[in-house]
Amino acid sequence: MLPSVLTKYMLMALLVPGFFGGIRIPATFLAGSSLAAIFTLKSAAASLSNDNGKLSKIERRAIKFYHLVSVMAFLLSLNTIILATSAYTSILHGRFDQLAETAYLMMKREFEYEATVRWSFLTSMFCFLGMITSRVLIEFDLLKVDASKSSTKRDVAALVVCSVGALAAQLMSYVNQNLWCWNSLIGMTVHVAKMVLNCAIVEKNPMQIISVALTMASIFYVAKLAINDINQDDCKDTKKSL
């Protein structure tokens, strides 16, 4: 019995801190890259406010999408770093049941909220892929309407989208097969949302309530801006047709 207990303890002591410590490295890379990306496309962002018809509808939307996913990638990767650091410190404190069949089950049982760091990291990674794709399309003018090169640009744009889309689909498939405690990343997202809402509504944590309220406000304003953008594009199309 003693060797079994020691084996389980060593498994927890080595693997779980390694998970939280290891995930901080790629998350730090994503945070730094996405933070830089937010400020490196200033000329394209400026052209949105001074648009005199040079930008096509799809170009304007690609620029806005780029900045949206850049901010999301930065926030989620920063959340990953902070949660992983906090979990690592909690493990060092040692005030939890250290025995379990596997390190994974122990982590989910004792550090259920901290384990969502994986969701945060995976979501930031997919946002990063979207950011890279839109950046390539914008920087190389693959979305620009040019009669002389339109066919070639469309082909290159399709190649970029298909290549990154293939990678994203492959990664999503792999992630969905290896979540173990959830059927898919969507199921994990629902679980994370329930935990956050439970902390805010049931446990009535003041800062969590503020966080949920601000998150809902952010979603509202993103939707509002998207609707306004669609309406503006429709108005421009109507004026051009007249």
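Quick look at the numbers
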{"read-out": "Every pair of residues 6+ apart whose Cβ atoms lie under 9 Å, when the first sits in region 161-188 and is within 30 Å of D141 (Cβ to Cβ) while the second is surrounded by 15 or more Cβ atoms within 10 Å (Cβ to Cβ) and small (G, A, S)", "value": "V164/G130; A168/G130"}
{"read-out": "Every residue from region 72-114 that is surrounded by 16 or more Cβ atoms within 10 Å (Cβ to Cβ), closer than 24 Å to C127 by Cα and of a type in the set (V, I, T)", "value": "T80, I81"}
{"read-out": "Residue in region 110-117 that is among the hydrophobic types (A, V, I, L, M, F, W, C) and either closer than 19 Å to V71 by Cβ or part of a helix (DSSP H, G or I) (or both) present", "value": "yes"}
{"read-out": "Residue within region 141-149 that is under 28 Å from L30 (Cα atoms), of a type in the set (A, V, I, L, M) and in a helix (DSSP H, G or I) present", "value": "no"}
{"read-out": "Among the candidates N178, N205, N198, residue that is under 20 Å from the mean Cα position of the chain (by Cα) and surrounded by fewer than 16 Cβ atoms within 10 Å (Cβ to Cβ)", "value": "N178"}
{"read-out": "Pairs where the first residue, in region 80-103, is within 30 Å of S34 (Cβ to Cβ) and the second is at pLDDT below 75 and in a loop (DSSP other than H, G, I, E, B), C-beta under 8 Å, 6+ apart", "value": "S90/F96"}
{"read-out": "Some residue of region 152-171 being outside any helix (DSSP H, G or I) and more than 18 Å from I63 (Cα to Cα)", "value": "no"}
{"read-out": "Close pairs from region 113-125: first at pLDDT 90 or above, partner among the polar types (S, T, N, Q) and buried (at least 21 other Cβ atoms within 10 Å of the Cβ), Cβ under 9 Å, at least 6 apart", "value": "S120/S77; S120/T80; F121/S77; F121/T80; S124/S34; S124/S77; S124/T80; M125/S77"}
{"read-out": "Criterion: at pLDDT 90 or above, surrounded by 12 or more Cβ atoms within 10 Å (Cβ to Cβ) and of a type in the set (D, E, K, R) - qualifying residue of R135, R154", "value": "R135"}
{"read-out": "Failed criterion for L105 (all others in (1) more than 30 Å from D229 (Cβ to Cβ); (2) within 24 Å of the chain's Cα centre (by Cα) hold)", "value": "(2)"}
{"read-out": "Tabulated pairs, region 194-205, first farther than 13 Å from T116 by Cβ, second of a type in the set (S, T, Y) and surrounded by 12 or more Cβ atoms within 10 Å (Cβ to Cβ), C-beta under 9 angstrom, 6+ apart or interchain", "value": "A200/S211; N205/S211"}
{"read-out": "Residue within region 49-67 that is within 22 Å of V192 (Cβ to Cβ), in a helix (DSSP H, G or I) and modelled with pLDDT of 60 or more present", "value": "no"}
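A quick yes/no check of all residues on (1) part of a loop (DSSP other than H, G, I, E, B); (2) within 21 Å of S56 (Cα to Cα); (3) modelled with pLDDT under 90:
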residue	(1), (2), (3)
W182	yes, no, yes
T189	no, no, no
K194	no, no, no
N198	no, no, no
I209	no, no, no
T215	no, no, no
A226	no, yes, yes
D233	no, yes, yes
D237	no, yes, yes
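The values are calculated or read from the model by the stated rules, or taken from the named source; none is laboratory data. Keep in mind that this is a model prediction, so the values were computed, not measured. Backbone-built Cβ (ideal geometry, glycine too); neighbour counts: all protein chains shown.
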